[in-house]
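One structure below.
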Ligand SMILES: [Zn+2]
């Protein structure tokens with residue numbers, strides 16, 4: 001696409017995807033409202049992520065995955081004009097972490113891509129998963145597939161990389177826009193959620209280890225220093 005205006009419009013559309021919504025009246029909509037209510041009430045995030053008594057784990061997880069996707073997609077959208085082929089020619093988290101893309105279509109082998117390209121593929125891929133009725137069934141009584149949590153682990157590991165890139169490469173922009181607190185809360189919520197249910201390997205979480213550590217020390221989250229290099233991971 002050579003027309004710069006069209007390109008911008010196109011990118012905008014890609015960035016601000018329509019949110020996947022929960023249908024009012026469904027059990028999952030009620031769960032979503034319940035999860036939101038406990039957050040709004042200022043409940044400790046560590047407690048807010050716990051599975052409410054009597055609820056199914058898969059339902060609880062499904063609601064959160066969709067919600068995190070919507071929120072993280074929006075966060076990336078707010079900084080995406082500063083995340084370009086030029087500024088971010090590789091999808092990295094500082095000098096020590098580089099993520100390579102792999103899928104079942106064009107990139108069968110882990111492939112180094114620019115951050116915006118990687119993000120585009122990542123968001124597209126997640127969108128396909130959460131809109132797939134076989135994986136995220138919306139109708140009452142339709143069971144989740146046996147590999148549901150396996151798919152969820154992959155989705156969340158990939159979403160985590162968006163945080164890594166945004167925190168390490170675009171934190172100034174976040175701070176400049178005054179959305180530091182919002183992003184930090186979203187990250188904390190995400191972190192406690194994946195820890196509660198063991199949905200991301202500890203090794204994957206290493207690049208942002210100092211985000212929460214910094215917060216405990218200083219009472220505020222800070223931009224981080226990347227941890228030791230971890231092996232390339234594309235899963
Ligand atoms: Zn970037």
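From 145, 137, which residue is more than 16 Å from the ligand (Cβ to nearest atom), crowded, with 16+ Cβ neighbours inside 10 Å and part of a loop (DSSP other than H, G, I, E, B)?
Criteria check complete, one pass: 137.
Considering only the stretch 86-106, state which residues are free of Cβ contacts under 8 Å to residues at least 12 places away in the same chain and either away from the ligand (no atom under 12 Å from the Cβ) or in contact with a helix residue (DSSP H, G or I) (Cβ under 6 Å, 6 or more places away or on another chain) (or both).
Of everything in the stretch 86-106, those that are free of Cβ contacts under 8 Å to residues at least 12 places away in the same chain and either away from the ligand (no atom under 12 Å from the Cβ) or in contact with a helix residue (DSSP H, G or I) (Cβ under 6 Å, 6 or more places away or on another chain) (or both) turn out to be 104, 105, 106.
From 161, 173, which residue is within 15 Å of the ligand (Cβ to nearest atom) and more than 15 Å from the chain's Cα centre (by Cα)?
173
Note down all Cβ pairs under 8 Å where the first residue falls in the stretch 112-127 and is more than 19 Å from residue 95 (Cα to Cα), the second is assigned to a helix (DSSP H, G or I) and within 13 Å of the ligand (Cβ to nearest atom), and they're at least six residues apart or on different chains.
122/161; 122/162; 123/76
Considering only residues that are at pLDDT below 90 and farther than 18 Å from residue 93 by Cα, look in the stretch 186-219 and name the one that is surrounded by the most Cβ atoms within 10 Å (Cβ to Cβ).
That would be 215.
Conditions tested, residue by residue: (1) part of a loop (DSSP other than H, G, I, E, B); (2) at pLDDT below 95.
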| position | (1), (2) |
| --- | --- |
| 6 | no, yes |
| 25 | yes, yes |
| 38 | no, yes |
| 46 | no, yes |
| 65 | no, no |
| 87 | yes, no |
| 94 | yes, yes |
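Just one of (1) in contact (Cβ under 8 Å) with a residue 24 or more places away in the chain; (2) farther than 20 Å from residue 39 by Cβ; (3) part of a helix (DSSP H, G or I) trips up residue 209, so point out which.
The one condition residue 209 does not meet is (1).
The values are calculated or read from the model by the stated rules, or taken from the named source; none is laboratory data. Model, not experiment: these values are computed from the prediction. Using ideal geometry, Cβ is built from the backbone for each residue, glycine included, and neighbour counts are taken over all protein chains shown.
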